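K.L.:
Would you mind keeping the following structure in view while I ask a few things?
Here, each number is a calculation from the coordinates, and none is a lab measurement. All figures in this text were calculated on a predicted structure; none of them were measured in a lab. Neighbour counts run over all protein chains shown; Cβ positions are idealised from the backbone, glycine included.
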There are 2 protein chains.
Amino acid sequence: MTMNASGGRRRPPTIHDVAREAGVSRGTVSRVLNGGHYVSPAAQEAVNAAIRRTGYVVNRHARSLITGRSDSIGFLLTEPQERFFEDPNFNVLLRGCTQALAAHDIPLLLMLAGTEDERRRLTRYITAGHVDGVLLVSNHSGDPVAEQLREAGVPLVACGKPIGLGSKVSYVAADDRDGARDMVRHLLSLGRRRVGMVTGPLDTPGGVERLAGYQEVLAEAGLEFDERLVVSGDYSRASGEAGAERLLAQASDLDAVFVASDLMAQGVLAVLQRAGRRVPQDVAVGGFDDSPAALASSPELTTIRQPWDRISAEMVRVLLAQIGGEDPAAVILPTELVKREST
Amino acid sequence: MTMNASGGRRRPPTIHDVAREAGVSRGTVSRVLNGGHYVSPAAQEAVNAAIRRTGYVVNRHARSLITGRSDSIGFLLTEPQERFFEDPNFNVLLRGCTQALAAHDIPLLLMLAGTEDERRRLTRYITAGHVDGVLLVSNHSGDPVAEQLREAGVPLVACGKPIGLGSKVSYVAADDRDGARDMVRHLLSLGRRRVGMVTGPLDTPGGVERLAGYQEVLAEAGLEFDERLVVSGDYSRASGEAGAERLLAQASDLDAVFVASDLMAQGVLAVLQRAGRRVPQDVAVGGFDDSPAALASSPELTTIRQPWDRISAEMVRVLLAQIGGEDPAAVILPTELVKREST
DNA sequence: TTCTCTACTGTGAACGCTCACAGAAGCATG
DNA sequence: CATGCTTCTGTGAGCGTTCACAGTAGAGAA
């Protein structure tokens, strides 16, 4: 039983204590702390030793007060939270961002803006300068929070291309169009010629891009665009089922379907099998996301994997660069075709 | 195009600006900000109006510098992260804590201590006083981080009963023992008399408590404890399969199994079905956790639901109370039996 | 010698807030 | 009329840093 085990928190050592211990001035200690320029090797060493001996840790509040930086970053989710927290990709993203920031000794503040109240509160918090920048997860077209932050000049990096925010906002996204191209090329390479598509919502960039990739490859291959082969969904399983039913009605001769999400693809599989079509023999099915749904389906889904681990790392890199004064940037990362049983 | 859309962040108004605007002194503004005691209604109103007009938001760094509080809380995960981020219960917990803290205007810092380096870094960060308290997710017996934090007198609330940390650490946990009792009573109420169990790891409180509940109910019912009916696992699906095989070999006459996790229960179901036992007709199976695995199994698992939403709320409540000077507390919350197809 | 330049070090001020204290005003009590 | 009490208000100090500036010491050039 030591004395301080009884709950009392001792006042931690300050830069003053370190200076005294090392026999130098506050200024010198501060310089060592901030990169060690214009400090003699001897002083450098003395200060480092004193820091080790005293267990000194910089008081970030005092530092922030004068620098105006907070040395912390907000991770802001403005979408309904349930959907995202259940999404394993979101979890990879959150974890990746936290770790990438940790490497720079920057804490991540988790900000959930579900209700209007919380949105207001967090907007004020952020624009008051309590974080240096924001990692934004939002698919709202014209998200008011994002818009306000942009206006206030808060460094911002979105996950996925934001709609209607002009070019002032950085973003990191997977190459939806190229992923779609890969998948459709794959389906064509299997000899399929009547390739249908269930798109995502066409007011999201992902939805638009995936459709564009599909159309491009068909055009490349000299196949005429048949609008009966294309129906739209909203990424949900139910909309996949509805889409598949419409496709079967409009174009019953189809021999492949590219579905813009794995969840919808599950619905498509169910409808096709109910209709007596064998997958992949009669109809090949390709999904998008490489979500757990892809592995849980039977047959297991061929799908497009988005590089979520790299996305988080890039988001952090771009945000820190922007805080450092660089211009907003857009980063598009390549996707990967994962072949499984459904094609 | 407004001027400040071009990226320049204006210096935010300070307490000084508010005081001037309201025609009072800094002290009065500060008093209004901190509860409004000893402030005349007139001054109160003038200050609030000035705050609204100027868009003032308190500078937390300046406040923290003098109060010694940081008004922020760390959410610390010292376990391997993959396992937890994939666990939907963990997500509910993280979300719940964030929201409960948001209601008090307290930001949550996400801290992932996967490697030894990160553990050291975060320990220093926390003990330096950069957070007022820590919400801890850790099942390590004798977690060194938790031990150090406790020694340093950092307010700490663990999720689940921590092992080997003495009574100085608060915790919030589901009533594992009572949950187990409910499940075993339920199995007995179905007329089953040869009830087996696959336990969790017996170096965790959860593992021990669930086994204890099982034994208690059997004793109550006047059934003799048969050690051949009990095997241990580690919560993984694979260990559930292994456990079921051992059970079938040791006690092939069993007519029910209580499995200490849903994931293990999935393994048990698979083995039972492979061995030609019908569930629930021949053998009833009960799980624990109410994870998605419970719904994904066929038949769907009867299981014990832990109140994760309440756990997060209680963790925050207890932590804030402790920061406010109250003694460490242990909170045990009731579980719920969810009946499905497997019993 | 004197001046300039570079490498380094110490010092006071300031960041924006809270806290302790002093004091004023109003009212009741001796 | 003094005294005490309560309610309210303003002021100065200080929290632990960084930053700008002034200053020192030594080397090299004029």
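K.L.:
What number do you get for segment A:1-159 when its Cα radius of gyration is normalised by 2.2 N^0.38 Å, N = residues?
P.N.:
Dividing the Cα radius of gyration by 2.2 N^0.38 Å gives 1.35.
K.L.:
From the square roots a ≥ b ≥ c of the eigenvalues of the alpha-carbon gyration tensor of the protein assembly as shown, which class results: rounded (a/c under 1.5), prolate (a/b over b/c), or oblate?
P.N.:
oblate
K.L.:
Oh, and also: What does the copy distance list look like for A:S236, label position 7 Å along Cα→Cβ, in nm and ordered from shortest?
P.N.:
3.8
K.L.:
Evaluate the relative contact order of chain A (contact order divided by residue number), counting alpha-carbon pairs under 8 angstrom at least 6 apart; express in whole percent. Each step should come with its number before you reach the end.
P.N.:
Working: 612 pairs, mean separation 51.7, N = 343.
Answer for chain A is 15 percent.
K.L.:
Run the simple label-point estimate for A:L202 and B:S25 please: 7 Å along Cα→C-beta, distance reported in nm.
P.N.:
6.8
K.L.:
Using alpha carbon centroids, what distance separates segment B:211-285 and segment B:14-68, in Å?
P.N.:
Here the two parts' Cα centres lie 64 Å apart.
K.L.:
For segment A:99-181, what does the relative contact order come out to in percent, with C-alpha contacts under 8 Å and a separation of six or more?
P.N.:
Once normalised by length, the contact order is 22 percent.
K.L.:
Taking the Cα centre as origin and putting +1 on Lys and Arg beta-carbons and -1 on Asp and Glu beta-carbons, what dipole magnitude results for segment A:176-305, to the nearest 20 debye?
P.N.:
Working: 14 positive and 20 negative charges, 79 e Å.
With Lys and Arg at +1 and Asp and Glu at -1, about 380 debye.
K.L.:
Let me ask something else. Lysines within cross-link reach of A:K161: Cα-Cα under 26 Å, excluding same-chain residues under 8 positions apart?
P.N.:
Cross-link targets: none qualify.
K.L.:
Further question: Just tell me how shielded A:96-103 is by partners: mean number of partner chain Cβ atoms within 10 Å of each residue's Cβ, no decimals.
P.N.:
3
K.L.:
Once you charge only the Cβ atoms, +1 for Lys and Arg and -1 for Asp and Glu, what is the size of the charge dipole of the protein assembly as shown about its Cα centre, to the nearest 20 debye?
P.N.:
So the dipole magnitude of the protein assembly as shown works out to roughly 2280 debye.
K.L.:
Determine the equivalent ellipsoid of segment A:214-321 by diagonalising the alpha-carbon gyration tensor, then write out the semi-axes as square roots of 5 times the eigenvalues, largest first, rounded to whole Å. Mind showing how you got there, number by number?
P.N.:
Numbers: eigenvalues 162, 63, 29 Å².
Each semi-axis is the square root of five times an eigenvalue, giving 28, 18, 12 Å.
K.L.:
Return the calculated 222 nm mean residue ellipticity for chain A, to the nearest 500 deg cm²/dmol, obtained by summing -39500 (n - 2.57) across DSSP H runs with n ≥ 4 and dividing by the residue count.
P.N.:
Working: 14 runs with 155 residues, N = 343.
Result for chain A, helices only: -13500 deg cm²/dmol.
K.L.:
Taking the beta-carbon count within 10 Å as an exposure proxy, list A:T127, B:T343 from fewest neighbours to most.
P.N.:
Fewest-to-most Cβ neighbours within 10 Å comes out as A:T127, B:T343.
K.L.:
Expressed in whole Å with the largest first, what are the equivalent ellipsoid semi-axes of segment B:267-318 derived from the C-alpha gyration tensor as the square root of 5 times each eigenvalue?
P.N.:
On the way: eigenvalues 202, 15, 11 Å².
Values for segment B:267-318, descending: 32, 9, 7 Å.
K.L.:
Let me spell out the model: positive unit charges on the Cβ of Lys and Arg, negative unit charges on the Cβ of Asp and Glu, origin at the Cα centre of segment B:3-58. What dipole size does that give, in debye rounded to 20?
P.N.:
Numbers: 8 positive and 3 negative charges, 45 e Å.
The dipole magnitude comes to about 220 debye.
K.L.:
Output ³J(HN,Hα) for segment A:208-219: one whole-Hz value per residue in order, computed from phi by the Karplus curve 6.51 cos²θ - 1.76 cosθ + 1.60 with θ = phi - 60°, and x for Gly and Pro.
P.N.:
5, 5, 5, 5, 4, x, 4, 5, 4, 5, 4, 4
K.L.:
A further question follows. Express as a percent, rounded to the nearest 5, the fraction of DSSP beta bridges in the protein assembly as shown (both residues included) that run antiparallel.
P.N.:
10
K.L.:
At each listed q (0.18, 0.27 Å⁻¹), what is the log10 of I(q)/I(0) that the Debye formula gives for segment A:68-147 modelled as equal alpha-carbon point scatterers?
P.N.:
Scattering profile of segment A:68-147, log10 relative to I(0): -0.76, -1.37.
K.L.:
Next question, about the same structure. Would you be so kind as to identify which of A:V58, A:V208, A:P13 lies farthest towards the positive end of the dipole of chain A, taking Lys and Arg as +1 and Asp and Glu as -1 on Cβ and the Cα centre as origin?
P.N.:
Checking the options against the dipole of chain A, the answer is A:P13.
K.L.:
Now for a different question. Let me know the mean shielding of A:55-68 by other chains, meaning the per-residue number of their Cβ atoms within 10 Å of its Cβ.
P.N.:
5
K.L.:
Quick one: in segment A:3-58, what % of C-alpha pairs are over 13 Å apart?
P.N.:
Beyond 13 Å sits 55 percent of the P(r) for segment A:3-58.
K.L.:
Sticking with this one: Where the eigenvalues come from the Cα gyration tensor of chain B, what are the semi-axes √(5λ) of the equivalent ellipsoid, largest first, in whole Å? Don't jump to the answer; show the numbers that get you there.
P.N.:
Values: eigenvalues 540, 77, 70 Å².
The equivalent ellipsoid of chain B has semi-axes of 52, 20, 19 Å.
K.L.:
Computed FRET efficiency, Cβ-Cβ of B:E336 and B:S189, R0 25 Å: what is it to the nearest 0.05?
P.N.:
On the way: r = 16 Å, r/R0 = 0.65.
Efficiency at R0 = 25 Å is approximately 0.95.
K.L.:
Once the label point is placed 7 Å from Cα along Cβ, list for A:A321 the distances to the corresponding points in the other copies, in nm, shortest first.
P.N.:
5.0
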